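The values are calculated or read from the model by the stated rules, or taken from the named source; none is laboratory data. All of these numbers come straight from a predicted model, not from anything done at the bench. Virtual Cβ from ideal backbone geometry, glycine too; neighbours counted across all protein chains shown.
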Amino acid sequence: MSHDGHMSLNVEHLPTRTLPAEKPLRLLDNAGHAVSGESTGGFSLPDVETLLDLYRKMVVARRFDVQVTALTKQGRLATYPSAFGQEGCEIGAVASLDAVDWLFPTYRDSIALLTRGIAPGEILQSFRGDWHNGYDQHAYRTAAQATPLATQALHAVGLAHAARLRHDPIVALTFIGDGATSEGDTHEAFNFAAVWQTPTVFVVQNNQYAISVPLARQTRAATLADKAVGYGMPGFHVDGNDVAAMYAVTTAAVERARAGGGPTLVEGVTYRIESHTNSDDPTRYRSSREVEHWKRRDPIERLEKYLVSEGALTESLRADITDAAEDLAAATREVMTVEAELDPLELFDHVYSRPRAALAEQRAFLEAELAEAAQEAGR
């Protein structure tokens, strides 16, 4: 076991020049049965206690996601990108991190932030428009959710490189969408990380669509994990709806990075069940038959079947987990009913460490306008 209780894995067997298998690596099949042989890639199924913890995290995360989607439809939030169906990818990856490690998320990774320990109200401030980032990044070792595609990959590599230079044994894990792999920032991040052997783990959530653009329009590569070979780092093509496999592979990649072995690319093959955001109409670019196909590959149901078959998930425990999820949903509803007290002058805070004359002039101009508006409103 590692110092925080994560399972220890032999990271020396991770390849650097071998093409990933075209068939996704998995430890549990769609029916919740443990698999063996080549499809496991040499990885072992995590112990039952670890799987129960992953199951709990996924159930709570999904209930949060469903609740926030409902609040968005009610007009409580400006927008929200749902991760419904991607819980295996997100929870499996983020659970592999130690408390000292850093997470660099995208706009779709709110459930990863929740799993990281960030409160719902802090996560949702940006989606309601209160703040660009509503939580203390240093306290949670979690960067702001990035809306521009792939910019967070460069930030993750930069932090990881700095940590390596300082001999600070931390790892930076960043999520990337399949569409973001077409961005120049992704290439630069992969190449820099590999050349300088930074302790970075790239988790590509291949949810099949970059908004409305299918993967076939993004690349001719057999898998996105294939791209790792060209940069000289290990690449893994994983069944992203198998949280056990995602956790096992990502944990090995994190341990390898911490030990000085450099970066790893993990592609999790999954699916975005909901629309891209609440303003998207997915029926314009994908069929209901396709969605139903992926619903039958639900990551939570898959793990649940295995845990029940092992006698680990009892009705009592299932009820406790459901109650915890409902409590979180209620707390999320409550915090979103409280109107935020917004101060327009906060626009000028935290822009520069030392105030600049031009910014101070703009702030004074806005302050005068606000005072004049308040005075007129009081007449």
Look at Glu310 and say whether it is within 21 Å of Ala34 (Cα to Cα) and not assigned by TED's automatic domain parsing to the domain that holds Ala373. yes
Answer with yes or no whether Thr251 is at negative phi, in a helix (DSSP H, G or I), over 20 Å from the mean Cα position of the chain (by Cα) and touching a residue at least 40 places away in the same chain (Cβ under 8 Å). no
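So if I check each of Arg354, Arg286, Arg296, which one is out of contact with any helix residue (DSSP H, G or I) (no Cβ under 7 Å at 6 or more places or on another chain), farther than 22 Å from Gly32 by Cα, charged (D, E, K, R) and loosely packed, with under 14 Cβ neighbours inside 10 Å? Break it down stepwise before answering.
Details: Arg286 fails: loosely packed, with under 14 Cβ neighbours inside 10 Å; Arg296 fails: farther than 22 Å from Gly32 by Cα.
When all the criteria are applied, what remains is Arg354.
One line per residue, one yes/no per condition, for (1) over 16 Å from Pro263 (Cβ atoms); (2) touching a strand residue (DSSP E or B) at 6+ places or on another chain (Cβ under 6 Å); (3) not acidic (Asp, Glu):
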{"position": "Glu87", "(1), (2), (3)": "yes, no, no"}
{"position": "Asp101", "(1), (2), (3)": "no, no, no"}
{"position": "Phe104", "(1), (2), (3)": "no, yes, yes"}
{"position": "Tyr140", "(1), (2), (3)": "yes, no, yes"}
{"position": "Thr151", "(1), (2), (3)": "yes, no, yes"}
{"position": "Val171", "(1), (2), (3)": "no, no, yes"}
{"position": "Phe175", "(1), (2), (3)": "no, yes, yes"}
{"position": "Asp178", "(1), (2), (3)": "yes, yes, no"}
All positions within segment 38-51 that are part of a helix (DSSP H, G or I), buried (at least 18 other Cβ atoms within 10 Å of the Cβ) and not polar (S, T, N, Q): Leu51
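With segment 62-152 as the region, which helices (runs of 4 or more DSSP H) entirely inside it contain at least 1 residues that are modelled with pLDDT of 95 or more and over 21 Å from Thr251 (Cα atoms)? Break it down stepwise before answering.
Working: elements: 87-94, 110-115, 120-128, 137-140.
Counting at least 1 such residues, we get 120-128, 137-140.
Answer yes or no as to whether Asp323 is surrounded by 11 or more Cβ atoms within 10 Å (Cβ to Cβ) and either in the same structural domain as Leu124 (by TED's automatic domain parsing) or in contact (Cβ under 8 Å) with a residue 24 or more places away in the chain (or both). Can you show your working first?
Working: surrounded by 11 or more Cβ atoms within 10 Å (Cβ to Cβ): no; either in the same structural domain as Leu124 (by TED's automatic domain parsing) or in contact (Cβ under 8 Å) with a residue 24 or more places away in the chain (or both): yes.
When the stated conditions are applied, Asp323 does not pass them.
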Filter result for the condition that a residue is acidic (Asp, Glu), assigned to a helix (DSSP H, G or I), over 22 Å from Asp130 (Cβ atoms) and within 30 Å of the chain's Cα centre (by Cα), over Glu361, Glu376, Glu346, Glu326: Glu326
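Would you be able to say whether some residue in segment 328-341 is within 21 Å of Asp239 (Cβ to Cβ) and surrounded by 16 or more Cβ atoms within 10 Å (Cβ to Cβ)? Break it down into steps so the answer makes sense when it comes.
In the first step, residues of segment 328-341 are kept if they are within 21 Å of Asp239 (Cβ to Cβ); the result is none.
No: zero hits.
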Please state which of the following conditions Gly311 fails to meet, knowing it meets all the rest: (1) within 28 Å of Thr69 (Cα to Cα); (2) free of Cβ contacts under 8 Å to residues at least 24 places away in the same chain. (1)
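With the structure loaded, tell me whether Ala244 is assigned to a helix (DSSP H, G or I), in contact with a Gly (Cβ under 6 Å, 6 or more places away or on another chain), touching a residue at least 40 places away in the same chain (Cβ under 8 Å) and buried (at least 24 other Cβ atoms within 10 Å of the Cβ) or whether it fails that test.
Values: assigned to a helix (DSSP H, G or I): yes; in contact with a Gly (Cβ under 6 Å, 6 or more places away or on another chain): no; touching a residue at least 40 places away in the same chain (Cβ under 8 Å): yes; buried (at least 24 other Cβ atoms within 10 Å of the Cβ): yes.
No: the conditions fail for Ala244.
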Here are Thr186, Thr106, Thr142: which of them is among the hydroxyl-bearing types (Ser, Thr, Tyr), within 30 Å of Ala330 (Cβ to Cβ) and either outside the structural domain of Val249 (by TED's automatic domain parsing) or out of contact with any Lys or Arg (no Cβ under 7 Å at 6 or more places or on another chain) (or both)? Thr106
Sort out which residues of segment 24-83 are in contact with an Asp or Glu (Cβ under 8 Å, 6 or more places away or on another chain) and hydroxyl-bearing (Ser, Thr, Tyr), and write them in order of number. Tyr55, Thr69, Ser82
Is it true that Thr277 is assigned by TED's automatic domain parsing to the domain that holds Gly158, touching a strand residue (DSSP E or B) at 6+ places or on another chain (Cβ under 7 Å) and not aliphatic (A, V, I, L, M)? no
